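The values are calculated or read from the model by the stated rules, or taken from the named source; none is laboratory data. The shown structure was predicted, so the numbers you read here are calculated from the model rather than taken from an experiment. In this analysis, Cβ positions are derived from the backbone assuming ideal geometry, glycine residues included, and neighbour counts consider all displayed protein chains. Calculation scope for accessible area: heavy atoms of the full protein, side chains included, ligands and nucleic acids excluded. Shrake-Rupley method; radii C 1.70, N 1.55, O 1.52, S 1.80 Å.
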Amino acid sequence: MTPLLVVRNLRAGYGATAVLHGIDLAVAEAGITALLGANGAGKTTTLRAISGTVHRRGEIRLTGERIDGCRTEDVARRGVAHVPDGRGTFRELTVDENLRLGAYTRPAADAAEDRARVFGWFPVLRSRLRQQAGTLSGGEQQMLAIARALLLRPRLLLLDEPSFGLAPIVVGEIFAIMRDIRRVAGVGILLVEQNAALALDLADQACLLETGRIVVAGPADVLRADTTVRRSYLGY
Amino acid sequence: MLGFWHQILAGVATGGIYASLALALVMIHQATHHINFAQGEMATFSAYLAYALMVSGVPYWGAFGITVVLSFALGALIERVLLRPLAHAPDLTLIGVFIGLLLILNALCGWIWDFTIKPFPSPFGSRPLLGGLVSSAELGTIAVTFVMLLLIWAFFRFTKLGLAMRAVAHNPESSRLVGIRVGAMLALGWGLAAAVGAVAGMMIAPVVFLDPNMMSGILLYAFAGALLGGLDNPFGAVLGGFLVGVIENVGGAYLVGTELKLSLALAVIAFVLMLKPSGLLGRAVASRV
Ligand SMILES: Nc1ncnc2c1ncn2[C@@H]1O[C@H](COP(=O)(O)OP(=O)(O)O)[C@@H](O)[C@H]1O
Ligand SMILES: [Mg+2]
């Protein structure tokens with residue numbers, strides 16, 4: 001079976017500064033791949049390169065089709081939903097408007113169905129529909145960001161540090177929901193996460209990024225047992 | 001007392017023109033983060049188009065409709081041809097482009113239609129109504145600008161396209177991530193701004209007469225209105241435009257005389273901005289992290 005996402009020799013950077021020096025990674029259909037690494041390793045840049053918000057070279061295939069030549073809006077239209085660094089919420093707009101924008105490319109009938117499903121995962125959003133998104137709590141904003149991404153009915157979800165700045169109990173809630181999303185919606189996830197223990201627990205595959213290069217990759221349980229990973233990221 | 005109310009209504013009529021142009025300025029400002037200095041000249045050019053159509057025999061409302069559509073297309077074209085290639089250009093370049101556009105359109109009007117001042121018809125006549133409370137020209141102008149502003153508001157508030165345009169104004173990067181074609185939305189925004197300006201131009205032309213520089217003073221008032229209400233808030237800009245119109249008229253009639261009415265309007269605005277620099281309805285988003 002062709003994997004959902006295959007990335008080969010991906011290079012990207014900002015202006016003249018190269019950040020990614022040829023990255024390979026993959027996400028299986030309905031699989032979760034964790035992308036780990038220290039601050040500044042290039043995790044965020046990897047996601048940006050896939051969704052085309054930075055200039056990139058190399059090969060990116062979604063179910064076999066090249067998408068590395070596509071503009072950001074076309075990558076999204078092919079079913080890649082990116083919850084960026086900082087969540088990418090439309091802060092000045094209401095929760096309802098954010099959700100409608102998430103479903104911008106979908107036919108109205110699908111959107112209504114997806115919306116009902118998303119409220120099943122994030123019931124708090126239903127009671128906040130008229131509220132300005134910028135006034136939500138951090139956890140609610142993260143939920144809104146994921147909900148907005150799911151309304152695109154994506155095949156692949158790119159998540160950039162969904163636990164960032166959130167209380168542990170909220171993080172636990174969000175990770176439980178992600179497990180459910182993968183199972184129910186059959187969405188593949190490329191998960192960037194600082195909390196390696198949590199990420200390795202959820203993911204089936206993982207890669208470790210160091211200054212723009214993948215240094216270790218493999219099944220999540222293998223990485224969990226890897227000495228380098230354990231010492232640097234799991235702390236035991 | 002009747003005279004006072006008449007001054008108010010006359011102020012609302014010109015205020016509607018300022019409000020429309022202020023709205024156009026805000027729409028472009030949201031897309032480019034700059035003041036489109038050429039907004040007035042774009043409206044003037046549109047008024048000349050309407051004039052040319054009427055001279056060649058098209059009835060008023062036909063010319064009005066065609067002008068709005070043509071202006072929309074020209075506005076979108078300006079975005080495509082002039083602004084799109086400069087998306088990442090430095091601020092000064094963009095300001096240069098706006099000033100260049102102003103000069104080109106101004107010269108073009110003079111070159112095609114010469115620089116002599118021309119009368120421009122009003123479809124509303126100038127009969128006094130309600131015992132002299134308001135003239136038919138004023139009432140007609142008020143009606144046209146209100147209907148237009150209402151339509152624009154409904155478009156942004158209730159349609160999917162309007163929502164997408166608002167999203168692009170707030171956050172173009174996230175808009176791309178949900179699949180919105182940001183370039184198309186920007187062109188649409190320029191088109192709408194040009195169309196709104198065209199209506200303002202056709203409404204004011206019977207009052208100030210048609211000439212290539214007819215909008216320069218008007219644009220100043222519109223800009224003042226946009227600043228007063230808040231450059232980042234369309235409602236604020238519209239409100240500001242109406243306020244400037246009323247202050248100008250009432251102040252000119254009762255306080256300082258017509259020579260100083262511009263100074264009075266500007267003084268009021270300076271005072272408001274000292275107290276509230278982002279304008280009356282300027283952005284203040286409550287936020288938590
Ligand atoms: N917008 C940007 N402009 C220039 N350099 C950037 C930008 N964003 C990130 N970088 C640089 O790229 C490198 C990788 O950053 P990033 O991908 O954000 O890492 P991570 O997400 O793993 O913390 C860092 O050295 C960072 O300074
Ligand atoms: Mg990052």
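Structure notes:
- Annotation note: of B:Ala63, B:Ala10, the sole residue that is open to solvent by less than 30 Å² (accessible area, probe 1.4 Å), more than 28 Å from B:Gly251 (Cβ to Cβ) and over 17 Å from the mean Cα position of the chain (by Cα) is B:Ala63.
- Residue within segment A:150-158 that is at pLDDT 95 or above, within 16 Å of ligand 2 (Cβ to nearest atom) and under 16 Å from A:Leu202 (Cα atoms) present: yes
- Flag if A:Leu136 is more than 16 Å from ligand 2 (Cβ to nearest atom) and either within 12 Å of chain B (Cβ to nearest Cβ) or in contact with a His (Cβ under 9 Å, 6 or more places away or on another chain) (or both): yes
- Checking A:Thr45 against (1) open to solvent by less than 30 Å² (accessible area, probe 1.4 Å); (2) within 14 Å of another protein chain (Cβ to nearest Cβ); (3) within 16 Å of ligand 2 (Cβ to nearest atom), the condition it does not meet: (2)
- Residue list for segment A:43-71, filter: part of a loop (DSSP other than H, G, I, E, B), in contact (Cβ under 8 Å) with a residue 40 or more places away in the chain and within 15 Å of ligand 1 (Cβ to nearest atom): A:Val54, A:His55
- Within segment A:72-87, the set of residues being within 16 Å of ligand 2 (Cβ to nearest atom) and either assigned to a loop (DSSP other than H, G, I, E, B) or more than 7 Å from every other protein chain (Cβ to nearest Cβ) (or both) comprises A:Val83, A:Pro84, A:Asp85, A:Gly86, A:Arg87.
- The one condition in (1) outside the structural domain of A:Arg61 (by TED's automatic domain parsing); (2) assigned to a loop (DSSP other than H, G, I, E, B); (3) of a type outside the set (Lys, Arg) that A:Gln194 fails to fulfil: (1)
- Looking only at segment A:159-168, and only at residues there that are open to solvent by 40 Å² or more (accessible area, probe 1.4 Å) and touching a helix residue (DSSP H, G or I) at 6+ places or on another chain (Cβ under 9 Å), the one that is nearest to ligand 2 (Cβ to nearest atom): A:Phe164
- Complete set of residues in segment A:115-132 that are touching an Asp or Glu at 6+ places or on another chain (Cβ under 8 Å) and either among the polar types (S, T, N, Q) or assigned to a helix (DSSP H, G or I) (or both): A:Trp121, A:Val124, A:Leu125, A:Gln132
- Residue selected from segment B:45-88 under the condition part of a helix (DSSP H, G or I) and of a type in the set (Val, Ile, Thr), by the criterion nearest to B:Asn106 (Cα to Cα): B:Ile78
- Within segment A:88-109, considering residues that are among the aliphatic types (A, V, I, L, M) and facing chain B (nearest Cβ under 8 Å), the one surrounded by the most Cβ atoms within 10 Å (Cβ to Cβ): A:Leu101
- Among all residues of segment B:89-101, there is at least one that is loosely packed, with under 13 Cβ neighbours inside 10 Å, within 24 Å of B:Ala187 (Cβ to Cβ) and among the acidic types (Asp, Glu).
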